[in-house]
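Any read-out appearing in this document is the output of simple, stated calculations on the displayed coordinates, not a laboratory observation. Note that this is a predicted model, so its numbers are computed, not measured. Every residue, glycine among them, receives a Cβ derived from its backbone with ideal geometry; neighbour counts consider all protein chains shown.
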Amino acid sequence: MFRALVVRGATTFQAVSKSGLRTSSRFMSADKGVSEEEFDKRYEAYFNRPDIDGWEIRKGMSDLFGMDLVPEPVIVAAALRACRRVNDYSLTTRILESVKVKCGNKQGEIWPYIVQELRPTLDELGIATPEEMGYDQPELALPNPYEIH
């Protein structure tokens with residue numbers, strides 16, 4: 001049974017290849033996509049909606065963090081304002097921590113720039129950075145016993 005199936009499939013493949021059946025291909029990268037400014041404006045408008053709720057904020061940030069980019073400070077500022085509108089301070093902390101992690105191995109270059117650009121928004125909304133809250137240090141870390149003396 002299996003042998004007959006293999007033989008029949010092989011003969012069909014040979015017939016198709018001999019007939020010169022060609023398949024067309026499409027170039028998927030022909031679409032120019034959206035520009036960076038349009039992308040930023042779209043997400044900024046998404047977070048500036050007055051009827052946004054906590055789930056939609058999480059969904060928007062999850063979509064952003066799934067992409068291969070670090071969100072621009074204007075998008076993060078809009079998301080932080082949305083968090084304050086829905087009165088979810090813990091979500092602001094999670095967003096800031098996630099943006100810091102998203103900086104990857106360029107964290108020393110990108111994260112200070114983002115905090116510098118977000119400082120007026122953070123002060124306006126009364127939001128502390130993870131470093132100001134002490135979240136950059138482990139809470140229950142014990143000293144290394146080999147480095148005590």
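Nearest 20 debye, what's the magnitude of the dipole of region 34-129 about its Cα centre given +1 on Lys and Arg Cβ and -1 on Asp and Glu Cβ?
320 debye
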Exercise. Can you give the extra length, in nm with one decimal, that the chain gains between Cys103 and Val74 once fully stretched, where that is 0.36 nm per residue apart less the Cα-Cα distance?
Worked result: 8.9 nm
Seminar exercise, completed: The size of the Cβ-based charge dipole (Lys, Arg +1; Asp, Glu -1) of region 104-149 about the Cα centre, to the nearest 20 debye, is 120 debye
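How large is the convex hull of the Cα atoms of region 34-129 per residue, expressed in Å³ as a whole number? Before the final figure, lay out the partial values.
Values: hull volume 8.9 nm³, N = 96.
Hull volume normalised by residue count: 92 Å³.
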For this session: May I ask you to derive the FRET efficiency for Asp63 and Tyr146 from their Cβ-Cβ distance with R0 = 41 Å, giving the value to the nearest 0.05?
Result: 0.35
